[in-house]
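Here is the structure we will look at.
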Amino acid sequence: MSRKPMIYVDADACPVKAEVERVAYRHGLVVTHVAGRGMRPSRDPMIRVVGVPQGPDAADDWIVEALEPDDMVITADIGLAARAIENGAAALSPIGKPFTAESIGMALAMRDLNKHLRETGESDGHNPAFSAKDRSRFLVACDEMVSRVLARAK
């Protein structure tokens, strides 16, 4: 293995940045938070913060360019998750739902349907509030994803 897998976080609206850092620390992995809005730099050498220009998909494009097979991406953006999977990375949503090669097609179709429903006024587009249960589910799923990727990367 030439390098350890890395975790990239689509950080602008990510509610689980601290949880990602906890899991990564346990496994000795580097986390890179990528954001279009200012984030404070970390003094921890295992936590990188990358600012990208504001604009559609700037953070997504930066992450996809940096990805190597067996890296991991934390994102609620289904399009970014699809691009990550195409590049051999693992992807996980902030609520602990893994995106896989088998599930990403349906996720993209549901995203498009929900967009259509919002545009026609049939849906208000509001997501439920992020709960403690979501945070707990994410921690378990993130640890499982990291363990699976590390085992595969050996």
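Just so you know, all these numbers are worked out from the coordinates, no wet-lab data involved. Please read all numbers here as calculations on a predicted model, not as lab measurements. Heads up, the Cβs are rebuilt from the backbone with ideal geometry, glycines too, and the neighbour counts pull from every protein chain shown.
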Pairs of Cα atoms under 8 Å, at least six residues apart: use those to get the relative contact order of the range 8-67, whole percent.
32 percent
Provide Ile63, Ile95 in ascending order of the number of other Cβ atoms located within 10 Å of each residue's Cβ, fewest first.
Ile95, Ile63
Amide H neighbours of Met72 under 5 Å, counting only residues 5+ apart in sequence or on other chains, H built in-plane at 1.01 Å?
Met6, Ile7, Tyr8, Ala90
Under 17 Å from a label point 7 Å along Cα→Cβ of Ala58: give me every residue in the range 12-38 with its amide N that close.
12-14, 33-38
Kindly list the residues of the range 1-44 that lie in the label zone of Arg137, defined by a backbone N under 19 Å from the point 7 Å along the Cα-to-C-beta vector.
14-20
Please report, to two decimal places, log10 I(q)/I(0) for the range 1-98 at q = 0.13, 0.17 Å⁻¹ as given by the Debye formula with identical point scatterers on the Cα atoms and no solvent.
-0.38, -0.68
Packing-based exposure ordering (other Cβ within 10 Å, fewest first) of Val34, Val149, Val140, Val50:
Val140, Val50, Val149, Val34
Are there any trypsin sites (Lys or Arg not before Pro) in the range 16-53 that are in a DSSP loop and have at most 13 other Cβ atoms within 10 Å? List them by number.
Arg37, Arg43
Show me, for the range 57-62, the HN-Hα J-couplings you get by feeding each phi into the Karplus relation (A = 6.51, B = -1.76, C = 1.60, θ = phi - 60°), rounded to Hz, glycine and proline as x.
6, 4, 5, 4, 4, 4
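Considering only DSSP states other than H, G, I, E and B, which GluC sites (Glu not before Pro) in the range 6-111 qualify as loop sites with at most 15 other Cβ atoms within 10 Å? Let's see the in-between values first.
Working: sites: Glu19, Glu21, Glu65, Glu86, Glu102; in loops: Glu102.
Filter output for the range 6-111: Glu102.
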